[in-house]
């Protein structure tokens with residue numbers, strides 16, 4: 001893996017191969033219409049407005065035949081890759097493989113972002129880049145836990161087992177920004193155990209003994225998951241100029 005850091009570029013990688021089973025939508029949730037267009041288009045358009053992002057890579061399932069509405073297209077500089085895997089981690093790993101095969105240098109930065117976080121702002125992404133571009137590890141947008149945290153008893157109806165101190169606890173968001181070579185190496189190691197314990201890119205880096213930087217994000221940057229989330233995202237997007 002190249003260790004040079006001369007003039008690294010910034011890439012966005014968007015895993016877009018999920019089925020969105022919890023969303024209860026007739027199509028994969030990333031393609032569900034929100035404020036007049038498929039949700040993923042709002043996500044890509046926000047990332048495309050980040051000046052430092054040189055290129056975007058959208059990882060879809062090999063059999064994905066979803067047709068964008070008439071007149072819509074992937075934003076300029078965003079390439080569609082039909083190499084999605086069975087899990088999010090596998091899709092990201094496959095996408096990184098293709099990037100390396102296409103000559104993207106290992107020292108370039110990759111910002112992995114959920115297709116379903118359609119309310120992310122270019123300003124938040126730019127803040128992550130500025131905070132992490134000189135960091136030896138990289139980092140992620142995250143939100144300090146604002147509410148009281150409870151654990152649940154393991155049997156019967158859900159009941160509180162204990163109250164957990166919230167100090168020092170964060171809710172991980174995306175984008176998550178790491179060097180292409182380092183993240184690929186971390187996920188390659190994780191692939192040997194079927195990506196066990198890998199819930200995001202930061203967790204793969206943590207398994208390598210690294211400590212990603214936490215960059216404060218926003219509660220607005222939620223991951224659209226449940227039916228009520230779609231109504232919230234629709235209202236926010238329609239309220240934008």
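One decimal place: the segment residue 133-residue 239 gains 34.9 nm when fully extended, by the rule 0.36 nm per residue minus the C-alpha distance.
Label zone of residue 77 (point 7 Å out along Cα→Cβ, amide N under 17 Å): in the range 47-61 this covers 47-58.
Pull out a ≥ b ≥ c, the square roots of the eigenvalues of the alpha-carbon gyration tensor of the range 95-186, then state rounded if a/c is under 1.5, prolate if not and a/b is larger than b/c, and oblate in the remaining case. Prolate shape, in that a/c is at least 1.5 and a/b is the bigger ratio. Does the chain classify as rounded, prolate or oblate by the C-alpha gyration tensor (a ≥ b ≥ c root eigenvalues; a/c under 1.5 gives rounded; else a/b over b/c gives prolate, otherwise oblate)? Verdict is rounded for the chain. With springs only between Cα atoms under 10 Å apart, run a GNM on the chain and tell me which of 169, 29, 223 wobbles the most. Of the options given, 169 has the highest mean-square fluctuation. Here the sum of -39500 (n - 2.57) over DSSP H runs of 4 or more residues, divided by the residues of the chain, equals -8500 deg cm²/dmol at 222 nm, to the nearest 500.
Every read-out reported here was derived from the displayed coordinates using simple, explicitly stated rules and does not represent laboratory data. From a predicted model like this one, the values you see are computed outputs, not experimental measurements. Quick reminder, even Gly has a Cβ in these numbers, built from the backbone with ideal geometry, and neighbours come from all protein chains shown.
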